[in-house]
1. Taking 7 Å along the Cα-to-C-beta vector as the label spot, tell me the VAL151-THR70 distance in nanometres, rounded to one decimal.
2. Return the FRET efficiency for the residue pair SER252, LYS305: r is the Cβ-Cβ distance, R0 is 35 Å, and the value is rounded to the nearest 0.05.
3. What percentage of the solvent-accessible surface of segment 187-304, computed with a 1.4 Å probe over protein heavy atoms, is contributed by carbon and sulfur atoms?
4. If you add up the charges near PHE298, with Lys and Arg at +1 and Asp and Glu at -1, over every other residue whose beta carbon is less than 12 angstrom from its beta carbon, what do you get?
5. From the phi of every residue in segment 156-171, what ³J(HN,Hα) in whole Hz does the Karplus formula 6.51 cos²θ - 1.76 cosθ + 1.60 yield, where θ is phi - 60° and glycine or proline is x?
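The values are calculated or read from the model by the stated rules, or taken from the named source; none is laboratory data. Bear in mind that the values here come from a model prediction, so they are computed numbers and not experimental data. Every residue, glycine among them, receives a Cβ derived from its backbone with ideal geometry; neighbour counts consider all protein chains shown. The accessibility values were calculated without ligands, DNA or RNA, using every heavy atom of the protein model including side chains. Shrake-Rupley method; radii C 1.70, N 1.55, O 1.52, S 1.80 Å.
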Amino acid sequence: MEDICAAPAPKKVLPSLLLDPYAKPKRKEEELHSRKPWKKVLWRKQNYPDNYIDQSFLSGLQRNVNIQVTDFWSLVADSLPISQHLSSVMIFIAVFVGIHRKQLSCGIVGMISNVSAVGAFILWDLVLSKPCQSRSFLNYAGLIKSCILIVLTLVGLSPILMSLTKSTSEDSVWAIAVWLFLANIFFHEYSVDSIQPHVRLHNSLSTNAALSASVVLASRLDRSIHVFFFVLSAVHWFALFPIFRKYIHFYSFYADMLMTLVLIMTAYLSLYLVSSVIIAFVFLSSIFFISFVCPIWFIKLQRFKNEIHGPWDIALPKLGPNKD
């Protein structure tokens, strides 16, 4: 009876059934520990899936590294060359309108231009060019020879230039001059990084456009001597005066500011005298917008700039002696 009522002895449980059913197999754990660290390279075959993203993937991400934070007055100072050139173009156009309406004498304008050019050259030679250490010896004889050659060339071409647009209507002449002056404004070199002039396509295009517009306007004058003085003044105003302004900019900030104010006020008064107060006010408003509103606008928009750099960027070779 005791053998019949006794409970059966428990069976021996296998060790594999006592393991956690959710535990990973021992072979996979060993594979994970034996993996080499992930590296951000494509040419190496790594024991990771193609869509694997490591925590160090964006460790080299850099944002807005090359952004230079500028203040308001620095941007206003950088806008001075734009105001100067716009004022110069407006003054030249106002002078032509005065000559065309017989309000100004072209001979007096030419004499003032020549005297101003000689005075500016003397000022440059004695004062403005001294800070430039790379200034070479100036050949005065060659300079005088070049000036005489330019003057004689203009004297010979003046009768031809006077009849250049004789068969063209005035509306077409004004339209061509406006487009050429716009090309001069848009392609002008406003950068003042260096005193030495840069031979660039857009700078040459700007000067040639202004001189071409001057020739077109000079062809509407009635005497060849007036054409000569007007084109010579254009050479002074659009070829030499921008270089003089650049030297003034490097010599003194206060002198540059004073010259800018003088040009703006001269342009405003010239437009007021030859046209109307509305056009003069539009010009002054444009200068105010460029000098004060655009810097504020630039500072506001700079907050939204998001420039991303990282090791995935294309490597830029460093050429020259400074390769470090």
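1. Going from the VAL151 label point to the THR70 one covers 4.2 nm.
2. Given R0 = 35 Å and the Cβ-Cβ separation, E is 0.60.
3. That fraction is 73 percent.
4. Neighbourhood net charge equals +1.
5. x, 8, 4, x, 6, 5, 5, 9, 5, 10, 5, 8, 10, 5, 5, 4
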